[in-house]
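Worksheet: one structure, shown below.
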Amino acid sequence: YRNLTYEVIKTLLEKGLVSYVVKDKKKYFEAASPKTFINILKEKEKMISDILPDMLKIQNSVEEKPGMTMYEGKEGIKTVLDHLVLETKEIVGFSPVKAILNILKYYAPNMFDRRVKAGIKAKLLVDGKPLRPELIEYKIIQKKVDTGFWVYNDKVLLLNFNIKNPYAIVIENKEFSNMLRFVFELAWKGAGKE
């Protein structure tokens, strides 16, 4: 394609990769020395080196970079709960006990046993009596739901135990986790008896 060829040649001329001479009113093109590539790379490396310190300052100015990970299905939820048991000593939040047992009938009792053995304390609003009430301060609310959240370390674990599409989302952000802790404490004060 003639037009495309001329556009490509124009770009190569601008980059110094092609030169030409005119003979008998015709242009004859010739490729530049392969060493030209090295010069182009050195020039780009110099440009990057000049702006790199400013780019690093911008990157380092962000104190905390929030992260979000989604886990789908029963196996995904099991994975995130396995990680939770290994990395925290305290949980606060809302726990839909009935929905957990409905989706993770055989896994949940084992996971709660591991929580107790690991010495993980919990302060929870629940929709039913916990299987393992050891190390849990809880209040029962009179509403059946399929979703919940747990706050631990600087993370928030959002849980959806909808039977058709169970999933978990972990959001790692100190400000967000602190805000949900605050919201939880307000809900705790307004909830029923222990």
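The values are calculated or read from the model by the stated rules, or taken from the named source; none is laboratory data. Bear in mind the structure is a predicted one, so any value in this text is a computation, not a measurement. Cβ atoms come from the backbone with ideal geometry, glycine included; neighbour counts cover every protein chain shown. Accessible surface is based on the protein model in full, side chains and every heavy atom, while ligands, DNA and RNA are left aside. Shrake-Rupley method; radii C 1.70, N 1.55, O 1.52, S 1.80 Å.
Of note:
- Averaged per residue, the chain has 70 square angstrom of accessible surface, using a 1.4 angstrom probe with ligands and nucleic acids left out.
- Under-5 Å amide H pairs with Asp154, H placed in peptide plane, nonlocal only: none
- Label-point separation, Lys189 to Ile58 (7 Å along Cα→Cβ), nm: 4.3 nm
- Taking θ as phi - 60° and the Karplus parameters 6.51, -1.76 and 1.60, the scalar couplings of the range 22-32 work out to 9, 9, 6, 6, 10, 8, 10, 9, 9, 5, 6 Hz in sequence order, x denoting glycine and proline.
- Over the C-alpha atoms of the range 1-84, the Rg to Rh ratio, Rh being the Kirkwood estimate, stands at 1.38.
- Using the empirical formula 2.2 N^0.38 Å as the baseline, the Cα radius of gyration of the range 100-146 reaches a ratio of 1.15.
- Basic side chains Lys and Arg get +1 at the Cβ, acidic Asp and Glu get -1 at the Cβ, and with that the dipole of the chain about its Cα centre reaches some 480 debye.
- Rg followed by Dmax, in Å, when the range 70-121 is reduced to its Cα trace: 10.8, 28
- Split the accessible area of the chain by element, probe 1.4 Å, and carbon with sulfur accounts for 57%.
- The chain - share of DSSP beta bridges that are antiparallel (%, nearest 5): 70 percent
- Over 28 Å (Cα to Cα) - which of Lys57/Lys89; Lys89/Lys129; Lys144/Lys164; Lys155/Lys189; Lys46/Lys174 fall in this group: Lys57/Lys89; Lys46/Lys174
- Peptides 101-107, 41-47, 87-93, 17-23 ranked from most to least packed by the mean count of surrounding Cβ atoms within 10 Å: 87-93, 101-107, 17-23, 41-47.
- Gained length - Tyr28 relative to Asn102, 0.36 nm times residue gap less alpha-carbon distance: 18.9 nm
- Karplus (6.51, -1.76, 1.60) ³J(HN,Hα), θ = phi - 60°, over the range 128-144, in Hz, Gly and Pro reported as x: x, 5, x, 5, 10, x, 4, 6, 10, 9, 9, 10, 8, 9, 9, 8, 8
- Counting only alpha carbon atoms, the long axis of helix 2-14 and the longest principal axis of the chain meet at about 90°.
- Candidate values [x] 19.8; [y] 10.8; [z] 10.1, label of the one derived for mean projected area of the Cα convex hull in nm²: [x]
- For the range 106-114, putting each phi into the Karplus relation 6.51 cos²θ - 1.76 cosθ + 1.60 with θ = phi - 60° gives couplings of 9, 6, 4, x, 5, 5, 5, 4, 5 Hz, in residue order, rounded to whole numbers and with x for Gly and Pro.
- Fully extending the segment from Leu17 to Lys46, taken as 0.36 nm per residue of separation minus the present Cα-Cα distance, adds 8.5 nm.
- The P(r) of the range 132-194 has a tail past 18 Å containing 49 percent of all C-alpha pairs.
- Helix-only arithmetic for the chain: the sum of -39500 (n - 2.57) across DSSP H runs with n ≥ 4, divided by the residue total, places the mean residue ellipticity at 222 nm at -15000 deg cm²/dmol.
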